[in-house]
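Since the structure comes first, as structure tokens, the remarks are kept for the end.
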Amino acid sequence: MTDYIIESQGLTKCFGTKTALFDFNLAIPRGGIHAFIGANGAGKSTFFRLLLGLESPTQGSCSVLGINSQELSPEHRGKIGYVNEEHTLPSWMTVDAVIEMQRSLYPKWQQDTFDKVIANFDVGLKQNVGQLSRGERAGLNLSMALAQSPEVLILDEPTLGLDVVAKQAFLTALMHTEMDANCTIIYCSHQMEEVERVADNLIIVEAGEVKYMAAPDDFCQRVNYWICDFETKPDKVKNLQCVLSLKNIEGQIHIVTIDQPAEHFEAYLLANGAASVVAVPVSLDKAIGAVLAQNHRGHELSA
Amino acid sequence: MAKTSAIAIQIATGDARPIFRQIVDGIRKEIATGNLQSGAKLPSVRALALQLMINANTVAKAYGELTAQGLLESRKGLGIFVAEPKQMLSEEEQQLRLQEASERFVNDVMYLDFSPEHMTQYLLKQLLQLQQKDENKS
């Protein structure tokens, strides 16, 4: 049996008439950093809440560490770290008191891990939590999540709104965790620069479904960018399934394709009205952007 | 214990070249220009990952490729080192690389006002200097 740390089968979640997730199937192997990418409202946070057992599925099921999310015991929960963008903490408590509270909740608390991670952030222990900046709260939350030595760490847009220093401290702490701890990291972010730096694996989610799952370099190679001159209108090309986008920029046609062998497509373009074709290399952020934008367009058409 | 050499490379995100490829190219260049000489000890995977703020697996993959190309060698328990130069490429592959490199060079210099003689002289001087550096070392 392959060791999947997170799995879901046919997972569906409806809120009233709104479907947040539909037939969501995913299997994430143990180890590494997995980046969750998708537009706002794509269903990422709903998926995390279902995983943690904070919501119950309408249909299907999901599991963490091989345990059904609906049956997680406190002991299992201790192995799952979760940091979300809000960085919510009781504002009236001192930092000291919050740490003490967490320590008492988690039997596997590692004080040296906590000390090492928090050292990246300038957090005074006697301060009230309410006085901390967003970056300091993020640091405190991450340090506490890592100190419970989780087997899986879920980070839901952890660096949103952080300044450069806090962001770099956060990433550095994350790098250490990946290298030192036996921890699988699920990293959800809109910051393509961070994703490119840290991700071993991309999971692209759109409209409540997993669209692509691939290593970043492999994913990049599946996307091609073409600049062509057309003598006729490129209508036939526009409707091909592999075409993510087709734009006219000052008379030249710019086309982005996915999963279409380059040599085939070049020949196809030349046979279908293109006078000249140039292939341009694609960066990861462009490739991801093209995929997400196409799905946006798909919504408009079906709406 | 050998002292670790600093690696003066930068990586850029949003580039069409994957980060892994940028590291491979960067280290190749450092070796080619003599900034990293054979026998030099490279930072550990972990140290370079922290320096560049990237995933350690990416650094490991780049070191792996450079090792497969014969530019680096891993010494058990000691670390990763720049290998003694030995040719890993076939005659054909070398010819192809020479052709590509000279096309790039010609492309870069074709709009300059120098004569072909001047430019070849200059190129020759640089190549001889590199050779000299290598000989001094051994």
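Throughout, read-outs are computed from the coordinates displayed, never taken from laboratory work. Just so it is clear, the structure is predicted and the values come from calculations on it, not from any experiment. For neighbour counting, all protein chains shown are included, and Cβ atoms are generated from backbone atoms with ideal geometry for every residue, glycine included.
A few remarks follow.
- Amide H partners (placed H, <5 Å) of A:GLY81, local residues excluded: A:GLU151, A:VAL152, A:LEU153, A:ILE154
- C-alpha long axis of helix B:116-137 to longest principal axis of chain B, angle in °: 30 degrees
- DSSP-defined beta bridges in the protein assembly as shown - what % are antiparallel, rounded to 5: 70 percent
- All-pairs alpha carbon distance profile, segment B:91-137, 10 Å steps from 0, percent: 23, 39, 33, 5
- Here, P(r) means the percent of Cα pairs in each 10 Å bin from 0 to the largest distance; for the protein assembly as shown it is 4, 16, 23, 23, 18, 10, 4, 1.
- Between segment B:34-106 and segment A:1-60, the C-alpha centres lie 40 angstrom from each other.
- FRET efficiency, 1/(1 + (r/R0)^6) with R0 45 Å, evaluated for A:GLN110 and B:ASN107 via beta carbons: 0.20
- Alpha-carbon centroid distance for the pair segment A:183-210 / segment A:133-179, whole angstrom: 15 Å
- Gain on full extension, evaluated as 0.36 nm per residue between A:ARG30 and A:ASP3 minus their Cα-Cα distance, stands at 9.1 nm.
- A helix-only calculation puts chain A at -10500 deg cm²/dmol for mean residue ellipticity at 222 nm, using -39500 (n - 2.57) for each DSSP H run of at least four residues, averaged over all residues.
- Computed from Cα atoms, the angle from the helix B:19-32 axis to the main principal axis of chain B rounds to 60 degrees.
- DSSP beta bridges fully contained in segment A:4-214 are about 55 percent antiparallel.
- For segment B:96-102, 3J(HN,Hα) per residue [Karplus equation, 6.51 cos²θ - 1.76 cosθ + 1.60, θ = phi - 60°, Hz, x = Gly/Pro]: 5, 5, 4, 4, 4, 5, 6
- The Cβ shell under 13 Å around B:MET53 holds other residues with a net charge of -1, Lys and Arg each +1, Asp and Glu each -1.
- Averaging the sequence gap over all C-alpha pairs within less than 8 Å and six or more residues apart, then dividing by the number of residues, gives segment B:19-82 a relative contact order of 41 percent.
- Estimated vicinal HN-Hα couplings, Hz - segment A:190-195 in sequence order (Karplus 6.51, -1.76, 1.60; Gly, Pro = x): 9, 8, 5, 4, 5, 4
- Using θ = phi - 60° in the Karplus curve 6.51 cos²θ - 1.76 cosθ + 1.60, the 3J(HN,Hα) couplings for segment B:74-80 round to 9, 9, 3, x, 10, x, 10 Hz; x is entered for Gly and Pro.
- Using a cutoff of 8 angstrom between alpha carbon atoms and counting only pairs six or more residues apart, the relative contact order for chain A works out to 19 percent.
- Helices meeting the span-like rule in chain A (full DSSP H runs, Cα extent of at least 18 Å along the helix axis, mean Kyte-Doolittle score of -1.0 or higher): A:134-147, A:164-180, A:284-302.
- Set of lysines near B:LYS125 by C-alpha distance (under 28 Å), chain-local residues within fewer than 8 positions excluded: B:LYS29, B:LYS86, B:LYS133, B:LYS137
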